[in-house]
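Engineer: The structure's right below; bear with me while I get my questions together.
The values are calculated or read from the model by the stated rules, or taken from the named source; none is laboratory data. Computed from a predicted model, the values in this text were never measured in an experiment. Every residue, glycine among them, receives a Cβ derived from its backbone with ideal geometry; neighbour counts consider all protein chains shown. Please note that ligands, DNA and RNA were not included when accessible areas were found on the heavy atoms of the full protein model with its side chains. Shrake-Rupley method; radii C 1.70, N 1.55, O 1.52, S 1.80 Å.
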Amino acid sequence: MFIALHNTFSSKQVEEFAKIVFGFGVDTIVITKATGSAAQSGVPVAHKLACKLGKNVLFFEDLDDAIEVLRPEKVILIGNKGTCDKEIDFNSIGKNDLVVFCGASTGFTKLELEKGGCAYIVENEVGAIGGVAIFLYKMKELQLL
């Protein structure tokens, strides 16, 4: 399973995302469409953390590039209930799936939503950091991680 942070401009968000994902034992994080300080300092900090832990960071210009290179079986975009019409089925997530969290407060664009299935974890918006923490905790609780 690949965990991705898409469309972020915050270096702190990239750093916290990496800490959480690596903290749950995931070996590789994917960062797509990072701009500004996220690209200039957030990705290098995440990469440094990955090197210290023996983990990996994959950095792509956009979501399409990650999909092209990783070739996931499914792309699952995690949004809120207002954007996505179904709750996530944790048991349906496979080892070759790409699970994407949006770093922008505006959420995924309509064009991005067409790239995969959209699902929500909790009804209200909790952001990428809250979403990935809840997602990975639940995956670990169900012994799917």
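Engineer: When you go through (1) over 17 Å from Gly130 (Cβ atoms); (2) in contact with a His (Cβ under 9 Å, 6 or more places away or on another chain); (3) not aliphatic (A, V, I, L, M) one by one for Asp85, which number turns out not to apply?
Structural biologist: Every listed condition holds for Asp85 apart from (2).
Engineer: Turning to a different aspect of this structure: Out of Ala39, Ala18, report the one residue that is surrounded by 15 or more Cβ atoms within 10 Å (Cβ to Cβ), touching a strand residue (DSSP E or B) at 6+ places or on another chain (Cβ under 9 Å), of a type outside the set (Phe, Trp, Tyr) and over 19 Å from Phe135 (Cβ atoms).
Structural biologist: Ala39
Engineer: Report, by residue number, each residue of the range 27-36 that is closer than 15 Å to Val99 by Cβ, among the β-branched types (Val, Ile, Thr) and open to solvent by 10 Å² or more (accessible area, probe 1.4 Å).
Structural biologist: Matches in the range 27-36: Thr28 only.
Engineer: Right, next: Identify all residues within the range 87-126 that are touching a residue at least 60 places away in the same chain (Cβ under 8 Å) and over 11 Å from Leu77 (Cβ atoms); write none if there are none.
Structural biologist: Ile93, Gly94, Lys95, Asn96, Asp97, Gly103, Ala104
Engineer: Test Lys55 against the criterion of being closer than 20 Å to Lys138 by Cβ and surrounded by fewer than 19 Cβ atoms within 10 Å (Cβ to Cβ), and give yes or no.
Structural biologist: No; evaluated as a whole, the condition is false for this residue.
Engineer: Hey, another quick one. Would you tally the residues in the range 63-96 being open to solvent by less than 60 Å² (accessible area, probe 1.4 Å) and in contact with a Phe, Trp or Tyr (Cβ under 7 Å, 6 or more places away or on another chain)?
Structural biologist: Matching residues across the range 63-96 total 9.
Engineer: Just to be sure before I move on: is Phe60 surrounded by 15 or more Cβ atoms within 10 Å (Cβ to Cβ), of a type in the set (Phe, Trp, Tyr) and free of Cβ contacts under 8 Å to residues at least 60 places away in the same chain in the structure I sent?
Structural biologist: yes
Engineer: Would you check if there is a residue in the range 2-9 being over 14 Å from Ala104 (Cβ atoms), not in a helix (DSSP H, G or I) and not hydroxyl-bearing (Ser, Thr, Tyr)?
Structural biologist: yes
Engineer: Let me ask you something else. Tell me the helices (runs of 4 or more DSSP H) entirely within the range 58-145 that contain at least 1 residues that are modelled with pLDDT under 95.
Structural biologist: 110-113, 127-141
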